[in-house]
1. Roughly how many Å² is the accessible area per residue of region 217-455, as a whole number, for a 1.4 Å probe?
2. If each residue of separation counts as 0.36 nm, what is the full-extension length gain between Met350 and Tyr281 once their alpha-carbon separation is subtracted?
3. About its Cα centre, how strong a charge dipole does the chain have in debye, to the nearest 20, once Lys and Arg get +1 and Asp and Glu get -1 at the Cβ?
4. If I stretch the segment between Arg264 and Ala423 completely, what's the gain in nm (0.36 nm per residue apart, minus their alpha carbon distance), one decimal?
5. Helix hunt in the chain: which complete DSSP H runs extend at least 18 Å axially by C-alpha with mean Kyte-Doolittle at least 0.5?
6. Given the pairs Lys184/Lys376; Lys89/Lys378; Lys278/Lys395; Lys154/Lys278, which are separated by over 32 angstrom at their Cα positions?
7. With the crude spin-label approximation of a point 7 Å out along Cα→Cβ, what separation in nm comes out for Arg288 versus His370?
8. According to a simple spin-label model (label point 7 Å from Cα along Cα-to-Cβ), what is the distance in nm between Glu308 and His84?
Amino acid sequence: MLSTLQNQYQAFTELVTMQANTEQLSNENRLLANLDSLTGLPNRRQFFSVLEQSLSQARASGTRLAVGLLDLDGFKPVNDLYGHSVGDKLLFQVGQRLQGLRAPGIHIARLGGDEFALIMTEAVHDEQVLELGRKVCAMLREPFLLVDIPIQIKASLGIATFPDMAANETEVYEYADYALYQSKGQKRSEECLFSSEHLNQLHGDALIEQALRRADLQAEFFVVFQPVVDNRTRRTRCFEALARWRSPELGTVPPSQFIPIAERIGTINRLTLPLLEKALYAAQGWPREIGLSFNLSVHDCASADVVEAIIEVINGSGFDPARLDLEITETAAIQDIAQVQRAIGLLRRMGCGISLDDFGTSYSSLSQIHSLSLTKLKIDRCFVTDIQHNPASFKIVKSLIALSLGMELECIVEGVETLDELAALESLGCTLVQGYLISAPISLAETGPWLERTLALPTG
Ligand code: C2E
Ligand code: MG
Ligand code: MG
């Protein structure tokens, strides 16, 4: 009987050990399923489960909660340039730095790719949230030592709070994502807290988005033209085509509103082609010495198919490509620099010029600008406003002009509104100018009389 008992006991202990092992294994599996293998941070799945728990706790206790979505600017070029193993190392080090923020009430996760997220359940007054945001961005701005040279990237962070802004999990995520998009658009600041103005904008954007999805792109969109003038001769060098939308539902919507939305929802490429066709058709009627400048979205250059379609439109129009400049906005959104370089290369080989628009407002490095094989720089309006009273703007424009000279690029100054500004620019040697002082954008019908008037001006 004793030996039977002993056997049974042994079988029982084996069973218990097996159960414990199985439990340990399933715990390990659960842990692995919830962790990001590269950084060791909680993964997307864990993030959403913590968010759900934290929201129910916040709801129950009547407390505030903040969600931050973080995206690295400049990660893709590192990956492309140095290879995936260096890209992985960079993400690992970003993960390590973010781990350092962990504290009670702060959860950090990697959502995938170069996206990370934070949940703050304590100390969630706006100022404290922004303070943490600033800390995160400053921390990631510090150079990373991965290869022989230090690598610098930048983080953008969008934050949304519950319950004052967002009412549930979907909204808090969506609003943080909207704030992230805004922070990328803001050229100077890296963190952005979703506010009631954003909420209004979001509702307005949703209306624009719906109308844009339904819009008849051929019929509702057209272009107007703003002259670029040589300040020495007062002659018109070219006209810049600027998109206009007359929506039957919303009335006139400015491009500053519909272009970013068209870019976000992927309509921009379908919009670019009819606008370019219209602009080229209009420009056929001008004297040969008058050029056309047309704004392309970085999203247009990012797709090889779209670039091909653009080239087809230019070739099909019969317009001399040497009279055409394509403007690309200087933006941190240039992700795939190699593709943009290819696109520019193709357009340049056709004979088109390439201008970098809104120059000076973004963080593009000089080497990036150099690698783009540009022909012109357009200095942004923000440096021109009140330049005669603003020594900082004066110095910036002066050095941007020197830079363009050094790079053998032509330079256009945008947004000249007053004679005083023009005089200050003249003293800096600016020749090509554009702005309300010279002319606001005009309709195609007005370009003929404009040219007649300005071509009749005495030169010199
Ligand atoms: P941008 O290409 O830098 O164009 C200059 C903008 O400044 C135009 O605004 C123009 O009307 C405005 N502007 C010109 N002179 C002055 C001035 O003296 N003072 C002030 N305050 N503003 C001046 P608009 O037409 O509203 O276009 C805004 C932006 O939308 C453009 O900036 C460009 O980035 C984008 N955009 C316009 N048309 C197109 C297009 O066909 N395709 C794409 N992708 N983007 C476009
Ligand atoms: Mg432009
Ligand atoms: Mg501009």
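1. Details: 10490 Å² over 239 residues.
Counting only protein heavy atoms, the per-residue value for region 217-455 is 44 Å².
2. 23.0 nm
3. Roughly 560 debye for the chain.
4. Answer, rounded to one decimal: 53.3 nm.
5. Length and hydropathy pass: 268-283, 304-317, 391-406.
6. On the way: Lys184/Lys376 25 Å; Lys89/Lys378 37 Å; Lys278/Lys395 39 Å; Lys154/Lys278 39 Å.
Check vs 32 Å cut-off fails for Lys89/Lys378; Lys278/Lys395; Lys154/Lys278.
7. 3.8
8. Going from the His84 label point to the Glu308 one covers 2.6 nm.
The values are calculated or read from the model by the stated rules, or taken from the named source; none is laboratory data. Predicted, not measured: the structure shown is a model, and the values here were computed from it. A quick note on method: Cβ atoms are made from the backbone with ideal geometry, for glycine too, and the neighbour counts reach across all protein chains shown. Protein only, heavy atoms only, side chains kept; ligands, DNA and RNA dropped before computing areas. Shrake-Rupley method; radii C 1.70, N 1.55, O 1.52, S 1.80 Å.
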